[in-house]
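Below is one structure; the comments refer to it alone.
No value in this document is a laboratory result; all are computed from the given coordinates. From a predicted model like this one, the values you see are computed outputs, not experimental measurements. Glycine also receives a Cβ, built like all others from the backbone with ideal geometry; neighbour counts cover every protein chain displayed.
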C-alpha cells in the first residue's frame, strides 16, 4: 500500500532522512517512532506529496507520488500534528467541502458524517464556525474529514495529541477497523504504550536513519517497546536493522501547489488534511 524506497531528504549538508526504506502492507497499522528531529514528520510529508525529496521513490497503491500525485492522493488521507483548517467555514461546510473534493455522493457523505461526528460528539457543533472549535474539536473534525472518502491509506502525525481519552479510544477502534477491512495506516507517535498495544509493525528512526523495523514482537522481544527505544536511542552509533521479512529497512488544505508542482488544483496543501 505504501512503499518508501531509499528516501533521502537534505537541508543543506544535513540529511533529515537518510536512505530510508519502509513497506506498509494492506491491513497493517505501522507505527513510526523516534526522538524530536529524527525525521518522522519529514518522512510523512514526503509520503503525502507535501514535501520534495532529494533521492528515492515513494509509491502509494502502486502509483508514484512524484509522477502520479493525483492518483496517490485520491486514495490517501493525511492528518498533521496540528490541523490547520479553514476557520471561516462551519464544521459541516468543511466536511462537505472535503466530500466534494473526493466526489462522495450526498447520501454516502451524510451517513459517514453522522457515523463519525456523532461518535466523536461534535455533530451538534457542526453548524458553528471552525474558528470557535477547541483544539480537540478541530482534531475530531480533521479525523472525521479524513474518513469521509474511505481512504486506502491514512498517514497521521501524532494523531492522539489533543484528543480526550474517550476520543482516543474511539480513534484506535476506527484504525483497527479500517485495517481489518484492507486499509493501511502509517502514523508517528511519542506515546510508546499506545504504539506497543496498537501496532502490527513498528519502525524506529534516529538522526534520519532507520535503525530497527519489523513486527512488534520481533522489534521488542521480551522487553517493552519503551525499553528497546531508549536502549537504541542512547547508542552513539547504530547499524540499521530490519527484522521485517519483506526486506524493509535502510542501508546505512487541499488545493495548492504541492512540493511536486501539481498545480493550482491542489491549493491549500498546507491547510487541508486530506490530499487528492
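Descriptive notes on the structure:
- In terms of packing, defined here as the mean over residues of other Cβ atoms within 10 angstrom, the peptides 99-106, 51-58 line up highest first as 51-58, 99-106.
- One decimal place: the segment residue 67-residue 105 gains 10.8 nm when fully extended, by the rule 0.36 nm per residue minus the C-alpha distance.
- Using the Cα coordinates of the range 61-174, the gyration tensor eigenvalues translate into equivalent-ellipsoid semi-axes of 22, 17, 14 Å, sorted from longest to shortest.
- Helix-only CD estimate at 222 nm, as mean residue ellipticity for the chain, using -39500 (n - 2.57) per DSSP H run (n ≥ 4): -9500 deg cm²/dmol
- An oblate overall shape is assigned to the range 27-77, the ratio a/c of its alpha-carbon gyration tensor axes (a ≥ b ≥ c) being 1.5 or greater and a/b not exceeding b/c.
- Distance between the pseudo-spin-label points of residue 36 and residue 88 (7 Å out from Cα toward the beta carbon): 3.4 nm.
- Overall shape: oblate for the range 1-42, with the ratio a/c of the largest to smallest alpha carbon gyration tensor axis at 1.5 or above and b/c at least equal to a/b.
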